[in-house]
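Only one structure is covered here, and it is reproduced in the block below.
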């Protein structure tokens, strides 16, 4: 993991709170993320869906491009931006056969960064968690900041 990314994760880590830090302002963060929805749609030329119903999680929302999957009642996520409850962190993910061009992905990440969020590359989140919260010792950085708990 790059040292700058590790510093970002360490700075956002909280040794006492798993789900969200004290003072977590869900309404303000929801407003910021909702304002990004049309911006990202313009960049990608496709609509983004806002899913802000996460509970019992270390993240609070996803903005994503979704398409029907190959199986009935299956949804593929072409590209998603996931927002952590900690440190204004965000990352990207997707599943399914379709991918956006790298240039578009880079523009989307830049747009989210310009709104004051801080990008964590997905590959860094696959590494074992080595932070300060004891309950995550056998997990990854993804689970610490971007998953259901």
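Just a few scattered comments:
- Selection of region 6-36 for residues being farther than 12 Å from residue 59 by Cα and surrounded by 15 or more Cβ atoms within 10 Å (Cβ to Cβ) yields 6, 8, 9, 12, 13, 14, 32, 33, 36.
- Yes/no for residue 48 being under 23 Å from residue 12 (Cα atoms), surrounded by 13 or more Cβ atoms within 10 Å (Cβ to Cβ) and touching a helix residue (DSSP H, G or I) at 6+ places or on another chain (Cβ under 6 Å): no
- Filter result for residue 101 (touching a strand residue (DSSP E or B) at 6+ places or on another chain (Cβ under 8 Å) and surrounded by fewer than 17 Cβ atoms within 10 Å (Cβ to Cβ)): no
- Answer residue from region 100-116, given it is in contact (Cβ under 8 Å) with a residue 40 or more places away in the chain and assigned to a loop (DSSP other than H, G, I, E, B) and is farthest from residue 39 (Cα to Cα) among those: 100
- For the criterion of being outside any strand (DSSP E or B), in contact with a strand residue (DSSP E or B) (Cβ under 9 Å, 6 or more places away or on another chain) and without any contact (Cβ under 8 Å) to a residue 40 or more places away in the chain, residue 34 passes.
- Qualifying positions in region 37-61 - within 19 Å of residue 98 (Cβ to Cβ), in contact with a strand residue (DSSP E or B) (Cβ under 7 Å, 6 or more places away or on another chain) and in contact (Cβ under 8 Å) with a residue 60 or more places away in the chain: 40, 44
- Flag for residue 87 being closer than 22 Å to residue 126 by Cα, touching a helix residue (DSSP H, G or I) at 6+ places or on another chain (Cβ under 9 Å) and in contact (Cβ under 8 Å) with a residue 24 or more places away in the chain: yes
- Test for residue 61: is it in contact with a helix residue (DSSP H, G or I) (Cβ under 6 Å, 6 or more places away or on another chain) and either within 22 Å of residue 26 (Cβ to Cβ) or in a loop (DSSP other than H, G, I, E, B) (or both): yes
- Positions within region 119-139 being over 12 Å from residue 92 (Cβ atoms) and surrounded by fewer than 17 Cβ atoms within 10 Å (Cβ to Cβ), in sequence order: 126, 127, 128, 130, 132, 133, 134, 135, 137, 138, 139
- Scanning region 117-136 for residues being more than 13 Å from the chain's Cα centre (by Cα) and either part of a loop (DSSP other than H, G, I, E, B) or on the phi > 0 side of the Ramachandran plot (or both) gives a total of 7.
- Condition check for residue 21: within 17 Å of residue 143 (Cβ to Cβ) and out of contact with any strand residue (DSSP E or B) (no Cβ under 9 Å at 6 or more places or on another chain): yes
Only the coordinates and a few stated rules stand behind these numbers; no lab work does. It should be emphasised that the depicted structure is a prediction, and the values quoted were computed from it without experimental measurement. Positions of Cβ are backbone-derived with ideal geometry, glycine not excepted, and every protein chain shown enters the neighbour counts.
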